[in-house]
Amino acid sequence: MIGRHKHCIALADYSREEILEVLDLAVSMKEVLRRPIKKVPSLRGRSIVNLFFEASTRTRSSFEIAAKTLSADLLNWTASASSVTKGETLIDTARNLEAMRPDVLVIRHAAGGAPRLVAEHVGCAVVSAGDGAHEHPSQGLLDCFTLREKLGTLEGKTVAIVGDISHSRVARSDLHSMPKLGAKMRLCGPPTMIPAGVEALGATVHYDLREAVEGADAIVMLRIQHERIGDPLIPGTREYSKFWGLNAKKAAEWLKPSCVILHPGPVNRGVELSPEVADGPHSVILDQVQNGVAVRMAILYLLAGGTESEAKA
Amino acid sequence: MNAAEIERLVRRIGKDVAERAQGAGAGHDLAIVGIRRGGVHLAQRLRRELGRTLGAEPPLGTLDIALYRDDLANQGAAPVIGPTDIPFPIQGKTILLVDDVLYTGRTVRAALDEIVDFGRPRRVWLAVLVDRGGRELPIAADFAGARLECADGDDVQVQLVEGGAAEDAVIVKPGRRS
Amino acid sequence: MSDVIFIEGGRVIDPASGVDGVRTVVLRDGRVAEVAERVERPRDARAVDARGRWVTPGFIDLHVHLREPGQEYKETVATGAAAAGAGGFTSVCAMPNTRPVNDNASGTALGLARAAQAGLARVYPVGAISKGSAGEELAEYGELQAAGCVALSDDGRPVMNAGLMRRALEYAKAFGLPLTVHEEDLHLVGKGVMHEGPVATRLGLKGIPAQAEEVMILRDLALLELTGGRLHVAHVSTRGSVRAIRDAKRRGLPVTAEVTPHHLALTDEDVAASGYGTDYKMNPPLRSADDVQACREALADGTIDAIATDHAPHSAVEKDLEFDAALNGIVGLETAFPVCLALVKQGHLGERRLVEALTRSPASAFGLPGGTLARGAPADVAILDPAAEWVVDPGRLRSKSRNTPWKGKRLAGRCTHTIVNGRIVYEEGRSER
């Protein structure tokens with residue numbers, strides 16, 4: 001359980017305290033990752049299934065390392081290669097996997113709401129590894145974790161999210177978590193990539209990059225998906241990069257020295273971030289990768305069965 | 001048990017450990033690891049005692065064994081996991097593992113598993129303030145301040161305050177006998 | 001029909017003949033014989049005690065999908081007509097998007113034959129605007145009309161080609177057939193699955209802007225101005241659509257419109273509240289609270305003429321899916337009356353206007369018989385208990401499908417008897433499944 005939740009599907013449903021529960025535990029999990037033997041036995045005998053309907057090597061691997069560090073058994077189920085092509089429905093697939101008695105089902109799906117549909121039909125805990133443009137809760141939590149680590153706190157900090165907000169589940173999970181920790185949010189991108197009514201999620205909208213990033217304590221740069229080009233959301237990457245990409249010159253002129261840059265990866269170098277910025281002093285992109293494992297360990301640990309350290313000696 | 005008695009016990013454990021360490025030629029590669037949370041204060045006091053006797057305070061680490069417990073399935077409540085901090089190489093060290101109360105031995109079992117994941121110590125000794133009996137595993141204390149005969153349901157609480165104080169106490173609350 | 005039915009003690013609401021009060025209704029030989037305060041009960045009559053109930057003309061639904069031929073696993077003409085009866089509907093207009101599409105006389109004849117066999121509600125086929133509803137060539141309207149079609153529609157799809165739409169409006173004039181149009185600009189819809197706005201943004205679902213509907217209505221109203229003829233706008237769902245239709249009516253254009261019970265009762269927030277519930281997925285999508293308010297006002301003031309259910313049965317195979325993948329539509333015949341009656345109780349609609357929108361208005365929009373209890377009218381009657389509360393159990397619906405957002409909900413208002421052509425086709429508690 002994470003607070004009241006049996007599942008980790010949407011940070012929209014999580015309170016500040018529930019978010020902090022995961023983030024605090026992730027600090028201990030990160031320490032485990034620094035040990036000479038990066039393995040603890042706490043989820044020994046538990047099984048976790050990675051059910052990915054969309055290719056995503058990095059998120060899948062991150063959950064895999066998290067599970068294995070906790071000694072859980074892990075099965076990778078790549079859906080495209082199996083049942084989907086045979087006409088099996090999502091509910092059928094989930095029920096079949098459930099018959100294997102996993103403790104946690106980690107699901108990535110192109111349709112918003114798919115993990116919730118699965119959770120309604122299985123008995124085990126369900127963790128969303130991203131559903132359509134809805135949410136990517138573990139990414140939102142690792143972004144919060146990284147900002148807490150780098151900035152000390154999110155209280156009173158300003159975070160700018162730049163890119164294709166309309167298609168971004170990362171943006172939504174950030175928007176559903178960071179303000180609960182006290183952050184002020186700015187959204188920036190071409191108007192075609194700003195979804196209708198997004199201000200209702202508690203953010204200001206900017207079309208001008210400089211206006212969005214000046215004075216910001218952190219910037220989340222989103223990946224521009226190549227299939228959006230000519231969607232027709234934007235005419236091309238060259239113009240996008242000119243107006244909404246960050247290069248070394250803009251970073252030097254506009255960013256606070258302490259500003260950190262996050263990116264959920266993989267980076268389109270030369271589009272949303274120039275290589276100098278992606279690898280430069282502001283970038284915490286590689287920290288995010290390790291923090292992602294720690295945060296996912298915390299999620300899996302909490303959902304696969306809790307324990308308490310206060311007990312008889 | 002009151003503060004003065006506890007202070008006496010801690011000194012005695014410290015003296016015994018120092019003698020044993022010197023006898024084993026381990027005076028220089030001794031390190032202390034306190035088991036969170038009850039063992040941590042005791043470990044800090046023993047470190048001061050050993051510093052006086054050996055001339056230098058041995059390095060100190062803390063261990064949280066929550067991730068090594070064998071009863072995850074039985075626990076419903078949210079876990080509280082504190083930091084594990086071993087700021088020195090374990091390899092080849094004589095480790096003095098410290099806890100406040102020794103009971104079933106399961107915590108010590110978990111701590112031993114965790115320690116070896118940090119490296120291969122030369123040896124591990126176990127020091128506790130109170131050995132209350134009731135072992136469920138073949139584990140024994142090398143140094144015990146006091147040995148109490150307690151019934152299974154009894155609750156043995158050790159209160160230790162940072163730096164030592166008058167409030168220090170060992171309290172035995174009888175459990176419900178059935 | 002030699003049977004005589006004597007309905008006594010009920011409150012007769014018949015907006016077409018201006019009656020609203022306790023009356024006795026006598027049906028004889030398939031016709032309304034008499035509606036009066038005091039009538040001698042004929043000796044051979046079957047008496048129906050309607051005390052505490054409403055007695056209205058049988059409801060007329062301008063927009064249902066009966067799925068036969070081609071998708072009989074969802075619904076057949078017989079099960080659809082039974083569902084109509086259970087909801088108080090005595091006439092339904094069956095949209096042509098069957099498989100194959102009803103774009104010729106033989107398709108129309110098949111539907112009518114099935115309806116005759118079922119002997120329940122009157123089924124009026126709607127023929128296709130274009131062959132195969134492909135939006136390329138006109139279907140044969142004269143032949144469709146001769147076979148029994150009462151209107152034309154490519155429902156389920158818009159007529160995207162404005163040139164074809166112009167010719168369809170013009171050509172249909174020769175036969176006096178109304179065109180009932182499903183209005184959405186497919187380019188603006190894109191891959192949208194719900195109403196575009198803050199809720200869709202929060203849920204991460206692709207949005208369909210209200211303007212996708214509005215630009216097409218505005219286009220067709222402009223064409224109507226050019227061509228004349230008769231245009232009926234199906235399932236109006238937005239404030240902008242209402243504004244356009246209101247303006248067109250004010251200018252005297254020959255346009256009528258319908259709204260569904262769900263677009264009067266539910267909003268896009270219900271999609272979120274249901275947790276991506278696919279019984280809340282339909283086309284047009286559930287709109288904002290402001291759009292719903294506009295539709296309620298438009299129905300009350302007559303800008304929107306009729307209530308039509310857009311009864312769209314789908315099987316679990318097509319609904320127990322990801323929201324993106326689920327098909328659009330819900331069944332509506334058996335819940336329409338209580339859902340709309342709730343609007344009356346909330347003060348959005350008068351009782352008489354509600355009955356009118358289910359009877360006289362749809363009859364006049366398509367020129368159908370019925371919709372009134374005037375002497376000599378077809379003996380099509382609904383008897384309704386406005387106070388009866390019931391919980392919607394999809395397993396007990398007469399429709400073959402169970403895709404209803406009112407699953408498990410408590411509703412007030414229930415049809416107790418439905419009479420078609422002087423014959424009781426539905427009686428609460430008596431009809432078998």
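Derivation of every value follows stated rules applied to the coordinates shown; laboratory data play no part. Just so we're clear, the structure is a prediction, and the values are computed from it rather than from any experiment. Here the Cβ positions follow ideal geometry from the backbone for every residue, glycine too, while neighbour counts run over all protein chains shown.
Of the peptides C:388-395, B:38-45, the ranking by mean beta-carbon count within 10 Å, highest at the top, reads B:38-45, C:388-395. Taking Cα centre as origin and charging only the Cβ of basic (Lys, Arg, +1) and acidic (Asp, Glu, -1) residues, the dipole magnitude of the protein assembly as shown rounds to 1000 debye. Span-like helix check, chain A: qualifying full DSSP H segments, with Cα axial length of 20 Å or more and mean Kyte-Doolittle of 1.0 or more, are A:285-303.
Each helix, a run of at least 4 DSSP H residues, gives -39500 (n - 2.57); summed and divided by the residues of the protein assembly as shown, these come to -9500 deg cm²/dmol at 222 nm.
Cβ-to-Cβ counts within 10 Å put C:Thr303, C:Thr24, A:Thr237 in ascending order as A:Thr237, C:Thr24, C:Thr303, the fewest first. Between segment B:113-160 and segment A:1-56, the alpha-carbon centres lie 31 Å apart. Mean per-residue shielding of peptide A:163-170 is 1, counting Cβ atoms of other chains within 10 Å of each Cβ. Taking amide H atoms as placed 1.01 Å from N in the peptide plane, the amide H of A:Leu246 lies under 5 Å from those of A:Leu273, A:Ser274, each 5 or more residues away in sequence or on another chain. Check C:Val425: other-chain or 5+ apart residues with amide H under 5 Å from its amide H, H built from backbone geometry? Placed amide hydrogens put C:Thr418, C:Ile419, C:Val420 under 5 Å from C:Val425. What's the whole-number percent of alpha carbon pairs in the protein assembly as shown lying beyond 58 angstrom? Taking all Cα-Cα pairs of the protein assembly as shown, the fraction more than 58 Å apart is 30 percent. Checking the Cα-Cα distances for A:Lys150/A:Lys256; C:Lys206/C:Lys281; C:Lys191/C:Lys400; C:Lys74/C:Lys281; A:Lys157/A:Lys180 against a 20 Å cut-off, the pairs over it are C:Lys191/C:Lys400.
Which is the longest run of chain B containing none of the GluC sites (Glu not before Pro) found in DSSP loop states (not H, G, I, E, B) with at most 12 other C-beta atoms within 10 Å? Please report the intermediate quantities before stating the final value.
On the way: sites that count: B:Glu136, B:Glu149, B:Glu162, B:Glu167.
Looking at chain B, B:1-135 is the longest stretch - no exposed GluC sites (Glu not before Pro) with at most 12 other Cβ atoms within 10 Å.
For segment C:176-214, backbone nitrogen atoms closer than 13 Å to the point 7 Å from C:Arg250 Cα along Cα-to-C-beta are found at no residue. Sequence-ordered 3J(HN,Hα) estimates for segment C:87-96 from the Karplus curve with 6.51, -1.76 and 1.60 and θ = phi - 60° stand at x, x, 8, 10, 9, 9, 9, 8, 5, x Hz, glycine and proline given as x. Could you tell me which residue out of C:Pro378, C:His263, C:Leu62 lies farthest along the dipole of chain C toward its positive end? Charges go on the beta carbon: Lys and Arg +1, Asp and Glu -1, centred on the Cα centre. Checking the options against the dipole of chain C, the answer is C:Pro378.
Loop-located trypsin sites (Lys or Arg not before Pro) in segment A:109-177 (DSSP state not H, G, I, E or B) with no more than 15 neighbouring Cβ atoms inside 10 Å do not occur. Farthest toward the positive end of the dipole of segment A:166-313, out of A:Val198, A:Ala216, A:Cys188, is the Cα of A:Val198, where the dipole comes from beta carbon charges about the Cα centre.
Using 7 Å Cα-to-Cβ label points, what is the C:Ser274/C:Glu170 separation (nm, one decimal)? Those two pseudo-labels are separated by 4.3 nm.
Structural descriptor for chain A: relative contact order 21 percent, calculated from alpha carbon pairs under 8 angstrom and at least 6 residues apart.
In nm, give the distance between the simple-model label positions of A:Lys150 and A:Gln290, each being 7 Å from the Cα along the Cα-to-Cβ direction. For A:Lys150 paired with A:Gln290, the spin-label model returns 1.4 nm. Between the listed residues C:Ala113, C:Gly367, C:Gly80, the Cα displaced farthest toward the positive end of the dipole of the protein assembly as shown, a dipole computed from Cβ unit charges relative to the Cα centre, is found at C:Gly80.
Placing dummy labels 7 Å off each Cα toward the beta-carbon, the span from B:Ala151 to B:Leu137 is 2.7 nm.
How many Cβ atoms of partner chains, on average, are near each residue of A:109-122 if near means within 10 Å of its Cβ?
Details: counts 2, 3, 10, 12, 12, 6, 1, 4, 9, 1, 1, 3, 1, 0.
Mean shielding by partner chains, rounded to a whole number: 5.
Residue order for C:Asp324, C:Asp44, C:Asp310, fewest other beta carbons within 10 angstrom first, comes to C:Asp44, C:Asp324, C:Asp310. Mean separation of Cα pairs under 8 Å and 6+ residues apart, divided by the residue count of chain C: what relative contact order is that in percent? Normalised by residue count, the contact order of chain C is 20 percent. Apply the Debye scattering formula to chain B, with a single equal point scatterer on each alpha-carbon and no solvent, then give log10 I(q)/I(0) at q = 0.12, 0.13 Å⁻¹. Debye curve over Cα of chain B, log10 I(q)/I(0) at q = 0.12, 0.13 Å⁻¹: -0.55, -0.64. Counting every other Cβ atom within 10 Å of each residue's Cβ, A:His176, A:His206, C:His235 order from fewest to most as A:His206, A:His176, C:His235.
Once the C-beta distance of C:Glu72 and C:Glu137 is scaled by a Förster radius of 35 Å, the resulting FRET efficiency is 0.80 to the nearest 0.05. Treat every Asp and Glu Cβ in segment C:114-191 as -1 and every Lys and Arg Cβ as +1, leave all other atoms uncharged, and give the resulting dipole magnitude about the Cα centre to the nearest 20 debye. Computed charge dipole of segment C:114-191: roughly 200 debye. Averaged over peptide A:196-208, the number of partner chain Cβ atoms lying within 10 Å of each residue's Cβ comes to 2. Here the dipole of segment A:192-313 is about 260 debye; that uses its Cα centre as origin and unit charges on the Cβ of Lys and Arg (positive) and Asp and Glu (negative).
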